[in-house]
1. How many of the residues in segment 102-115 are open to solvent by 70 Å² or more (accessible area, probe 1.4 Å) and either part of a helix (DSSP H, G or I) or at positive phi (or both)?
2. When you scan segment 56-101, how many residues do you find that are modelled with pLDDT under 95, small (Gly, Ala, Ser), open to solvent by 70 Å² or more (accessible area, probe 1.4 Å) and part of a helix (DSSP H, G or I)?
3. Look at segment 116-144 and say how many of its residues are touching an Asp or Glu at 6+ places or on another chain (Cβ under 8 Å), open to solvent by 60 Å² or more (accessible area, probe 1.4 Å) and within 22 Å of Ala22 (Cβ to Cβ).
4. Across segment 3-55, which residue is nearest to the chain's Cα centre (by Cα) among those that are in contact (Cβ under 8 Å) with a residue 60 or more places away in the chain, in a strand (DSSP E or B) and surrounded by fewer than 18 Cβ atoms within 10 Å (Cβ to Cβ)?
Amino acid sequence: MEECELCIIGAGYAGVNVLNAACHHLPPGARVVVIDRGGRWGGQWEGQYDYVRLHQPFKGFSAGAREWAFANSKPSGHLASKTEILSHFDDIVATCVAEKNIQLVQLFRYEYHGHETVGGRVQLTAQPTAEAAMGGVSPVRIVASTLFR
């Protein structure tokens with residue numbers, strides 16, 4: 001069983017933004033669990049073709065005021081590539097973890113199928129995807145103070 005202050009369902013753009021916002025309010029050392037069907041941070045970007053780019057300048061696509069690693073070396077109108085976007089998401093997560101010493105549990109290749117609230121805490125079981133289950137991965141029971149989905 002995993003106990004945590006925050007459970008985030010989805011590791012896409014919204015999930016990255018939730019982690020970023022939460023790291024400003026969570027106590028140092030807080031435990032955060034992330035559940036996502038994919039294999040990494042990035043949501044729909046993980047499965048995009050390599051040639052897909054943002055349709056807006058990169059500076060308008062971030063979490064909070066997080067700077068892109070290449071912000072000073074690219075023109076302001078640069079349309080970030082899939083690889084750059086995924087790298088930026090990873091950078092944001094790493095920065096959030098480092099800033100607050102967050103204990104981040106990443107349950108990639110897991111699915112969310114609902115929750116219940118018991119005694120003011122959220123309880124759910126993260127189920128492995130069919131692919132992960134074939135590899136012997138087991139369900140994980142989670143109890144959280146807060147759930148974002």
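1. Filtering segment 102-115 for residues open to solvent by 70 Å² or more (accessible area, probe 1.4 Å) gives 103, 106, 109, 113, 115.
Next, from what is left, pick out any that are either part of a helix (DSSP H, G or I) or at positive phi (or both): 109.
Residues in segment 102-115 being open to solvent by 70 Å² or more (accessible area, probe 1.4 Å) and either part of a helix (DSSP H, G or I) or at positive phi (or both): 1 in total.
2. 0
3. Just the residues of segment 116-144 that are touching an Asp or Glu at 6+ places or on another chain (Cβ under 8 Å), to begin with: 122-124, 126-129, 140-144.
Subsequent filtering for residues that are open to solvent by 60 Å² or more (accessible area, probe 1.4 Å) retains 127, 141.
Remaining after also requiring within 22 Å of Ala22 (Cβ to Cβ): 141.
The number of residues fulfilling the criteria is 1.
4. Within segment 3-55, the match that is nearest to the chain's Cα centre (by Cα) is Arg31.
The values are calculated or read from the model by the stated rules, or taken from the named source; none is laboratory data. As the structure is a prediction and not an experimental result, all values here were calculated from the model. A quick note on method: Cβ atoms are made from the backbone with ideal geometry, for glycine too, and the neighbour counts reach across all protein chains shown. Surface areas here come from the heavy atoms of the whole protein model, side chains and all, with no ligands, DNA or RNA. Shrake-Rupley method; radii C 1.70, N 1.55, O 1.52, S 1.80 Å.
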